Amino acid sequence: MNTLNLLALDSATENCSAALWAAGKLYTRVNAEKQQHAAMLLQLVDELRAESGFELKDLDAVIYGQGPGSFTGVRVAVSAVQGLALGLNKPAAGVSSLAALAYGALKQSTAQIAVSAIDARMGEVYLGIYAKDGDGVRALAPEAVLKPADANAAVLQTAGDKAYVTAGTGIKIMQQQGLNCADPLQLYPDPCSIIELGALLVKAGHTCDAAEAQPVYIRNEVTWKKLDAQGKGK
């Protein structure tokens, strides 16, 4: 990341955050005021610009938290990044909220596996199971939206008896349904994890034009599969 200049925005969960890596230095901002994401996100960017003295025109790319999470929150970040990246003529890259949670937890532990879960409302959780992979993480199973009991079964099936750490608001819900695990090391994706994972994507060339930046909801995809399996999706 040392040679890149990157801006990262995330508002997929209760926290709204921004990070700027410029001239070899990291600047971050986090705002925990609920229902203020749309108003706060660009304000956080302005604060980072003022603190760093960095001109956004010199960015290499803009990173965004792509979800899953709050439908409205994910759209806020994607829209902000599209506007910024289009105006600056810079590429964009999306980072999974679940991957960022897992990555942040693994940085705090010697464990090799992290289970991340976000409260998806409606009695479900978004679930991700990740392992350390070089400087980043890799998914051990596809991210999914599941009932807590099904999420617990997925963890047991994928992680088995291996030690793992946890992160995210959905873990408490899974614990209430019988998952025997330690409390989450963090509840929300942190801006450092978003920008560090984004840097790996940019270095690997996994970017897109700003207009192609898209949120990841998961719920819609899973609902579609269920309807299609029932013969109702045609």
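In whole Å, how far is the Cα centre of region 53-77 from that of region 1-32?
Distance between centres, Cα-based: 9 Å.
Mind listing P(r) for the chain? All alpha-carbon pairs, 5 Å bins, whole percents.
Binned Cα distances yield the sequence 1, 7, 15, 19, 19, 16, 11, 7, 4, 1, 0, 0.
Multiplying the sequence separation of S79 and E212 by 0.36 nm and subtracting their Cα-Cα distance, what value in nm do you get?
Difference between extended and current length: 46.8 nm.
Going by average Cβ density within 10 Å per residue, which order do the peptides 97-104, 203-210 take, highest to lowest?
97-104, 203-210
Place a label point 7 angstrom from the Cα of K57 along the Cα-to-Cβ direction, then list the residues of region 77-99 whose backbone nitrogen is under 19 Å away.
83-91, by backbone N distance to the label point.
Report D for region 1-104 in µm² per second (integer): Stokes-Einstein, Kirkwood Rh on Cα pairs, 10 °C, 1.306 mPa s.
118 µm²/s
Over 19 Å apart: what share of the alpha carbon pairs of region 1-55 falls there, rounded to a whole percent?
27 percent
Only counting other Cβ atoms within 10 Å, I'd like E55, E47 sorted with the fewest neighbours first.
E55, E47
State, as an integer percentage, the relative contact order of region 98-176 based on alpha-carbon contacts under 8 Å between residues 6 or more apart.
Once normalised by length, the contact order is 37 percent.
How big is region 50-112 along each principal axis, measuring the range of its Cα positions in Å and listing the largest first?
Between the extreme Cα coordinates on each principal axis of region 50-112 lie 40, 29, 20 Å.
Take the cross-link list K25/K107; K25/K57; K57/K132 and give me the ones stretching past 24 Å between alpha-carbons.
Table pairs above 24 Å Cα-Cα are K57/K132.
Cut-off is 10 Å between beta-carbons; in what order do D133, D183 appear when sorted fewest neighbours first?
Lowest to highest Cβ neighbour count: D183, D133.
If you bin every alpha carbon distance in region 98-176 into 5 Å steps from zero, what whole percent lands in each bin?
Taking every Cα pair in region 98-176, the percentages come to 3, 19, 31, 26, 14, 5, 1, 0.
If you plug each phi of region 48-53 into the Karplus form 6.51 cos²θ - 1.76 cosθ + 1.60 with θ = phi - 60°, what whole-Hz ³J(HN,Hα) values come out, in order, with x for Gly and Pro?
For region 48-53, the Karplus-derived couplings read 5, 4, 5, 5, 8, x Hz, x marking Gly and Pro.
No value in this document is a laboratory result; all are computed from the given coordinates. The shown structure was predicted, so the numbers you read here are calculated from the model rather than taken from an experiment. Note that we place each Cβ from the backbone using ideal geometry, even for glycine, and neighbour counts take in every protein chain shown.
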